[in-house]
């Protein structure tokens with residue numbers, strides 16, 4: 001999908017309330033609704049854009065994701081089918097007093113707006129005879145961290161009309177959890193003689209025993225001795241691509257201090273940048289000590305330490 005500024009599309013700002021967004025959409029929908037602009041392709045395109053913007057900004061979770069990740073990041077996580085899922089056009093149009101006939105009526109929830117056959121903006125819905133595209137498929141693909149770092153080829157099996165089809169998919173570097181890649185024409189066949197739908201591969205990173213993933217950053221825990229926390233030390237830190245880094249622990253390091261190793265996280269699909277590796281330093285306090293160690297600690301306590 002092309003990049004879009006949903007706030008700009010509706011003529012509101014990022015701090016607008018739900019009521020302001022609803023009011024802005026109603027005003028634009030009254031102007032560009034196809035029942036009022038029959039045959040005007042430019043108006044129909046405008047109506048599609050404002051409806052997409054409203055479907056996102058009127059949903060608390062989608063709006064939060066859009067505000068957090070921006071247009072590009074949001075559209076990597078949500079297909080158009082995701083955007084309009086559970087969005088009840090029939091109820092919205094009824095509330096606004098807009099058309100309830102033709103392609104904008106019918107279905108379990110009134111009007112149904114989807115990626116493929118059921119879109120009220122499809123040629124079939126508008127009364128034309130152009131072929132209708134088949135439905136899209138979304139496939140969740142588990143990936144290890146090393147596969148995300150290096151990229152890989154994966155073979156998946158899909159079921160089409162009772163038949164199994166194996167597809168080899170090239171996974172690019174940086175395909176982190178929730179991100180998708182599109183394989184055009186690998187979705188469901190059209191029931192109306194049109195082109196097949198698309199296949200969307202959505203990544204899910206498997207749990208790793210060493211690293212915790214947050215976006216493109218990696219987080220890990222390393223333990224040091226109490227004496228190392230006081231005096232300072234140098235430790236070896238493994239990276240996800242099997243390298244060893246030298247990390248200097250300064251004297252007086254506190255428990256759970258977080259240290260950053262820039263550029264040693266996961267690659268970004270867009271550009272050559274990488275996330276960071278964060279090392280959380282945990283100070284190991286011994287539960288038992290020897291008599292000699294106790295005497296030494298007692299002397300330290302006497303010295304005021």
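A few remarks follow.
- Selection of segment 205-215 for residues being within 26 Å of residue 62 (Cα to Cα) and either in contact (Cβ under 8 Å) with a residue 24 or more places away in the chain or in a loop (DSSP other than H, G, I, E, B) (or both) yields 205, 206, 207, 213, 215.
The rows are residues; the columns are (1) in a strand (DSSP E or B); (2) farther than 30 Å from residue 180 by Cα.
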{"residue": "240", "(1), (2)": "no, no"}
{"residue": "247", "(1), (2)": "yes, yes"}
{"residue": "255", "(1), (2)": "no, yes"}
{"residue": "258", "(1), (2)": "yes, yes"}
{"residue": "263", "(1), (2)": "no, no"}
{"residue": "271", "(1), (2)": "no, no"}
{"residue": "278", "(1), (2)": "yes, no"}
{"residue": "283", "(1), (2)": "yes, yes"}
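- Any chance residue 61 is at pLDDT 80 or above and surrounded by 16 or more Cβ atoms within 10 Å (Cβ to Cβ): no
- Leading residue by the ranking (farthest from the chain's Cα centre (by Cα)) among those in segment 48-65 that are without any contact (Cβ under 8 Å) to a residue 40 or more places away in the chain and assigned to a helix (DSSP H, G or I): 60
- Within segment 184-214, the residues that satisfy the criterion of being surrounded by fewer than 17 Cβ atoms within 10 Å (Cβ to Cβ) and at pLDDT below 90 are 184, 185, 189, 191, 192, 193, 195.
- Set side by side, the residues 297, 249, 289 differ, and just one is farther than 30 Å from residue 175 by Cα, in contact with a helix residue (DSSP H, G or I) (Cβ under 9 Å, 6 or more places away or on another chain), free of Cβ contacts under 8 Å to residues at least 12 places away in the same chain and surrounded by 10 or more Cβ atoms within 10 Å (Cβ to Cβ), which is 289.
- Verdict on residue 4 being part of a helix (DSSP H, G or I) and either over 26 Å from residue 200 (Cβ atoms) or touching a residue at least 24 places away in the same chain (Cβ under 8 Å) (or both): no
- Per this entry, residue 242 is not counted among residues that are within 22 Å of the chain's Cα centre (by Cα) and either under 30 Å from residue 283 (Cβ atoms) or exposed (fewer than 14 other Cβ atoms within 10 Å of the Cβ) (or both).
- Scanning segment 34-47 for residues that are out of contact with any helix residue (DSSP H, G or I) (no Cβ under 6 Å at 6 or more places or on another chain) and either outside any helix (DSSP H, G or I) or in contact (Cβ under 8 Å) with a residue 40 or more places away in the chain (or both) gives 35, 36, 38, 39, 40, 44.
The values are calculated or read from the model by the stated rules, or taken from the named source; none is laboratory data. Source: prediction; values computed, not measured. Here Cβ is always computed from backbone atoms with ideal geometry, including for glycine, and neighbour counts include all displayed protein chains.
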